[in-house]
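Step one of this worksheet: look at the structure below.
The values are calculated or read from the model by the stated rules, or taken from the named source; none is laboratory data. Everything numeric in this text was worked out from a predicted model, so none of it was measured. Cβ: placed from backbone, ideal geometry, glycine included. Neighbour counts: every protein chain shown.
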Amino acid sequence: MKPELVERYVEDGTLRIEWRDFPYLGEESMNAARAARAAGEQGRFWEYHDLLYENQGDAGALSEEGLSGFARELGLDVERFESDLGSQPVSAAVQADFEAGQSAGVSGTPTFDVNGRRIVGFQPLETFEGLIEEEARKAGDAS
């Protein structure tokens with residue numbers, strides 16, 4: 001779904017996509033969020049995110065060894081990755097996103113916000129398209 005939305009709405013400036021961490025499933029979830037951020041420090045957030053998502057059910061995937069293995073698989077500087085993974089700034093950023101989500105009433109993932117209108121759970125592409133089109137019309141009417 002992401003590529004279609006990017007192609008149709010982000011590239012023309014209609015939509016901005018922002019990612020927020022919401023590691024509500026415990027320590028492994030928190031480690032996965034920190035690992036994706038650590039990969040992001042090397043410019044590879046989305047590739048790492050997608051690899052994690054594809055392998056999340058595999059035994060040991062979210063262990064420290066598994067997370068470093070994904071970094072190695074993507075050709076990241078593993079030493080830097082592991083340093084960033086354990087760093088205070090990365091941990092603080094993940095924690096801040098989590099707390100902001102809780103304050104906003106988010107209770108699980110995925111949760112999407114389009115101009116203050118919330119979409120919860122996996123939805124068909126048409127749900128997003130309809131809401132984005134409606135909000136774009138409103139913005140056009142207001143200008």
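From the list Phe70, Phe81, Phe98, pick out the single residue that is within 30 Å of Glu133 (Cα to Cα) and not basic (Lys, Arg). Only one candidate qualifies: Phe98. Among residues of region 97-109 being part of a helix (DSSP H, G or I) and hydrophobic (A, V, I, L, M, F, W, C), the one that is farthest from Thr14 (Cα to Cα) is Phe98. Scanning region 2-18 for residues that are in a loop (DSSP other than H, G, I, E, B) and either within 21 Å of Gly116 (Cβ to Cβ) or assigned by TED's automatic domain parsing to the domain that holds Asp97 (or both) yields Gly13, Thr14, Leu15, Arg16, Ile17, Glu18.
Applying the selection to region 52-94, what residues are charged (D, E, K, R) and assigned to a helix (DSSP H, G or I)? Write out each step before concluding.
Within region 52-94, the subset charged (D, E, K, R) is 54, 58, 64-65, 72-73, 77, 79-80, 82, 84.
Answer for region 52-94, where residues must be charged (D, E, K, R) and assigned to a helix (DSSP H, G or I): Glu54, Glu64, Glu65, Arg72, Glu73, Glu79, Arg80, Glu82, Asp84.
One line per residue, one yes/no per condition, for (1) in the same structural domain as Val10 (by TED's automatic domain parsing); (2) touching a Pro at 6+ places or on another chain (Cβ under 9 Å); (3) within 21 Å of Glu11 (Cα to Cα); (4) surrounded by 13 or more Cβ atoms within 10 Å (Cβ to Cβ):
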| site | (1), (2), (3), (4) |
| --- | --- |
| Thr111 | yes, no, no, yes |
| Phe122 | yes, yes, no, no |
| Ala136 | yes, no, yes, yes |
| Ala139 | yes, no, yes, no |
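Flag: Ser63 matches the condition of being over 26 Å from Asp113 (Cα atoms) and among the polar types (S, T, N, Q).
Going through Glu64, Glu129 one at a time, which residue ends up being more than 19 Å from the chain's Cα centre (by Cα), within 16 Å of Pro23 (Cβ to Cβ) and in contact (Cβ under 8 Å) with a residue 24 or more places away in the chain?
Testing whether each residue is more than 19 Å from the chain's Cα centre (by Cα), within 16 Å of Pro23 (Cβ to Cβ) and in contact (Cβ under 8 Å) with a residue 24 or more places away in the chain leaves just Glu64.
Selection of region 19-41 for residues being assigned to a loop (DSSP other than H, G, I, E, B) and under 14 Å from Thr109 (Cα atoms) yields Trp19, Arg20, Asp21, Phe22, Pro23, Tyr24, Leu25, Gly26.
Within the span defined as region 71-85, one or more residues are under 20 Å from Pro3 (Cβ atoms) and either in contact with a strand residue (DSSP E or B) (Cβ under 6 Å, 6 or more places away or on another chain) or surrounded by 12 or more Cβ atoms within 10 Å (Cβ to Cβ) (or both). Counting the residues of region 88-143 that are among the charged types (D, E, K, R) and in contact with a helix residue (DSSP H, G or I) (Cβ under 7 Å, 6 or more places away or on another chain) gives 1.
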